[in-house]
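Structure, as structure tokens:
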Amino acid sequence: MLIGTVEEAGRRSPLGLKAGARVATLVSLTLTPLVITDGLARWDGRSEQVPCDGWAILFARSIAAVLPDDEDPQLSLAVLDVCGAPALTARVVSRYVQERGRVGDPTPVRVAVIGGAGKSGSLSLAAARRAGAARTVGVVPVAAERDALTAAGLASVVALADARDPVGLSTAVTTALGAPADVTVVCVDVPGCEHGAVLATADGGTVIFFSMATSFSAAALGAEGLAADVTMLVGNGYVPGHAELALGLLRAEPGVRQLFTARIAAD
């Protein structure tokens with residue numbers, strides 16, 4: 001995605017953008033006609049955010065958000081880049097909470113976020129808690145991320161586990177939550193996490209895959225082979241209101257801001 005200034009808006013454009021507005025596109029650059037005119041001369045090759053001059057075209061069904069005036073554009077870009085994850089997490093978790101409330105089931109809703117210290121993971125943890133999850137676990141692979149996520153206070157408990165180790169991941173989640181997760185959110189960009197996520201999820205639960213490294217054939221066949229009665233969702237990055245929800249979490253949750261600010265500073 002990109003940050004840019006609107007140069008012109010078509011008379012029939014439904015996006016509601018005006019010339020001069022500073023906006024972030026909320027759609028992959030693989031779907032955005034883009035011309036770069038400076039040869040990326042200002043990029044050192046090490047940052048995940050790339051300064052450049054150029055122009056792009058947004059279509060009627062493109063998505064864009066006007067950047068808030070009270071936030072650092074780099075910080076807003078980092079949050080908006082993954083805003084689909086917390087929005088879908090909140091939707092799924094709230095449905096579990098509402099359904100149990102409707103039938104009088106006192107069982108708490110448990111949520112596991114694999115990669116909980118990352119951008120999408122930290123937002124998803126905050127969103128799950130706000131949606132009514134009674135207990136959450138953020139799973140991370142190394143001690144430094146465990147300490148950072150613990151300090152942020154976004155999860156009920158933080159667990160160390162390799163997401164590529166199905167038994168180890170399942171054991172870590174079940175031990176932390178006291179039972180398998182009702183909702184498992186996969187936010188790690190490494191292959192081989194499918195079976196662990198399925199194994200860590202309770203029967204009747206839901207696994208949300210936000211990683212583009214996910215093998216969906218491995219997920220489907222793995223769930224079948226494990227006789228796992230789980231619903232598997234592909235996070236497509238768009239949920240109505242996702243930008244506002246993510247920016248709201250940034251403002252309301254000090255732990256989210258803490259993790260994002262540290263990530264940008266390190267970058």
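Computed from label points 7 Å out along Cα-Cβ, the spacing between residue 60 and residue 105 is 4.3 nm.
Of the residues 18, 119, the one with the fewest other Cβ atoms within 10 Å heads the list, and the complete ranking is 18, 119.
Share of antiparallel DSSP beta bridges in the chain, in percent to the nearest 5? Looking only at bridges with both residues in the chain, the antiparallel portion is about 30 percent. Here is how the number arises for the chain: DSSP H runs of 4 or more residues each give -39500 (n - 2.57), the sum is divided by the residue count, and the result at 222 nm is -11500 deg cm²/dmol. Compare the Cα positions of 181, 85, 214 along the charge dipole of segment 84-234 (+1 at Cβ of Lys, Arg; -1 at Cβ of Asp, Glu; about the Cα centre) and return the one farthest towards the positive end. The residue sitting farthest along the positive end of the dipole is 85. Per residue, the convex hull spanned by the Cα atoms of segment 78-137 measures out at 59 cubic angstrom. Per residue, the convex hull spanned by the Cα atoms of segment 1-79 measures out at 102 cubic angstrom. Our summary gives segment 84-234 a relative contact order of 20 percent, counting only alpha carbon pairs under 8 angstrom and 6 or more residues apart.
Across the alpha-carbon set of segment 26-145, the Rg to Rh ratio works out to 1.09, Rh being the Kirkwood radius. Rg over Rh for segment 223-267 works out to 1.22, both radii taken from alpha-carbon positions and Rh defined as the Kirkwood radius.
As a proxy for reagent exposure, 208, 63, 36, 3 were ordered by neighbouring Cβ count within 10 angstrom, fewest first; the result is 36, 3, 63, 208.
In a GNM of the chain with a 10 Å cut-off on Cα contacts, which of 188, 35, 113 has the highest mean-square fluctuation? Largest GNM mean-square fluctuation: 35. Dipole check for segment 60-143: with +1 at the C-beta of Lys and Arg, -1 at the C-beta of Asp and Glu, and the Cα centre as origin, the magnitude is about 580 Debye.
Considering only 190, 111, 139, and ranking their Cα positions along the charge dipole of the chain that arises from unit charges at the beta-carbon of Lys, Arg, Asp and Glu, the one farthest toward the positive end is 111. When restricted to Cα atoms, segment 84-234 yields an Rg and a Dmax of 13.7, 42 Å, respectively. Considering only 155, 50, 40, and ranking their Cα positions along the charge dipole of the chain that arises from unit charges at the beta-carbon of Lys, Arg, Asp and Glu, the one farthest toward the positive end is 155. For segment 97-109, putting each phi into the Karplus relation 6.51 cos²θ - 1.76 cosθ + 1.60 with θ = phi - 60° gives couplings of 4, 5, 5, 5, x, 5, 9, x, 8, x, 4, x, 7 Hz, in residue order, rounded to whole numbers and with x for Gly and Pro.
Would you mind telling me which residue in 172, 60, 152 has the biggest mean-square fluctuation in a Gaussian network model of the chain, where springs connect alpha carbons within a distance under 10 angstrom? Of the options given, 60 has the highest mean-square fluctuation.
Once you reduce segment 1-69 and segment 228-267 to the center of their Cα atoms, the two points are 21 Å from each other. Stretching the chain fully between residue 262 and residue 21 yields a gain of 84.0 nm (0.36 nm per residue, less the alpha carbon separation). Here the chain is assigned +1 on the Cβ of each Lys and Arg and -1 on the Cβ of each Asp and Glu. Its dipole about the Cα centre then comes out at about 640 debye. Of the residues 222, 196, 54, the one that moves most in a GNM of the chain with alpha-carbon contacts below 10 Å is 54. When Rg and the Kirkwood Rh are both derived from Cα coordinates, the Rg/Rh ratio for the chain amounts to 1.00.
Counted by neighbouring Cβ atoms within 10 Å, the residues 264, 114 run from fewest to most as 264, 114.
Bear in mind that the values in this text are calculations on the coordinates, not laboratory data. Everything numeric here is computed off the predicted structure, so don't read it as measured data. Cβ: placed from backbone, ideal geometry, glycine included. Neighbour counts: every protein chain shown.
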